[in-house]
Amino acid sequence: MSQLTSEQRSELLKNKDLHIFGEDLSQLELVGCEECDTIYRRVDLAAGERAYCECCGAELYRQPKSFTSLLALVITAFIIFVIANSFPIVKVELQGNFSQTTLLGAAWTMFQIDRAFVGILILITTFIVPLIDLMLLMYVLTSIGIFKTRPKFLRLTLRVLFLFRVWGMVEVFLIGVLVTLVKLVGMVIVIPGIALWAFGILSILLVYISSIKIKDIWDEIDRCLS
């Protein structure tokens with residue numbers, strides 16, 4: 001890889017065609033480190049390979065999966081998301097009395113007991129943000145992977161995805177539920193519901209989907225539509 005100094009990055013990225021070290025390069029041939037701003041010349045990677053910065057060791061880019069494969073994964077996650085929010089998370093039995101609730105039911109309970117802030121956090125981090133994330137990804141991947149067209153509002157869509165990802169906390173919610181259930185085992189009979197298993201699978205899928213950088217999606221879009 002041909003390495004440039006960090007001071008050159010902002011100037012270089014203003015032009016579509018660049019003349020560097022006697023070579024004419026386009027922006028698509030360059031990649032910048034998000035940690036130290038060092039610019040490298042992009043090289044082709046085999047499936048599963050990743051490129052790292054020689055200065056700071058941060059990941060530069062990877063060879064992404066095809067959009068059709070990623071779309072299938074996102075659709076699977078969306079189906080499991082619907083299941084996880086349609087069935088009870090857990091059923092609790094105490095002296096013959098049963099109690100069960102869904103994720104939305106738990107959030108509504110927070111509002112009823114004057115814990116509106118907690119209810120809002122539950123709704124945003126475990127329902128609204130993951131739902132928006134999956135729907136926007138399906139929109140982009142369907143347009144590019146199946147219809148081979150550039151979707152409208154692509155830039156806005158990917159920026160929203162980038163900003164919203166840090167607010168998706170399904171796995172944190174799942175850990176909290178499991179800790180609570182462990183504490184209740186000695187006092188009541190706890191019966192795991194379908195949604196609990198669905199949230200476990202969904203957490204794994206969302207962690208994998210979130211590991212795919214928005215920058216890599218941008219690069220794959222440029223490659224597919226170029």
Lys/Arg +1, Asp/Glu -1 at C-beta; the chain dipole; positive extreme among Leu137, Val207, Leu163: Leu137
Cβ-placed point charges (K, R +1; D, E -1), dipole of the chain about Cα centre in debye, nearest 20: 740
Accessible area, probe 1.4 Å, largest first, for residues Met135, Met187, Met169: Met187, Met135, Met169
For the chain: accessible area per residue (Å², 1.4 Å): 60
Whole-percent carbon and sulfur share, accessible surface of the stretch 145-208, 1.4 Å: 78
Of the DSSP H helices in the chain, those whose Cα atoms cover at least 20 Å axially and whose Kyte score averages 1.6 or more: 67-84, 129-145, 170-184, 194-210
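The values are calculated or read from the model by the stated rules, or taken from the named source; none is laboratory data. Since this is a predicted model, take the numbers as computed values, not measurements. Virtual Cβ from ideal backbone geometry, glycine too; neighbours counted across all protein chains shown. We work out accessible area using only protein heavy atoms, side chains counted, and drop any ligands, DNA or RNA first. Shrake-Rupley method; radii C 1.70, N 1.55, O 1.52, S 1.80 Å.
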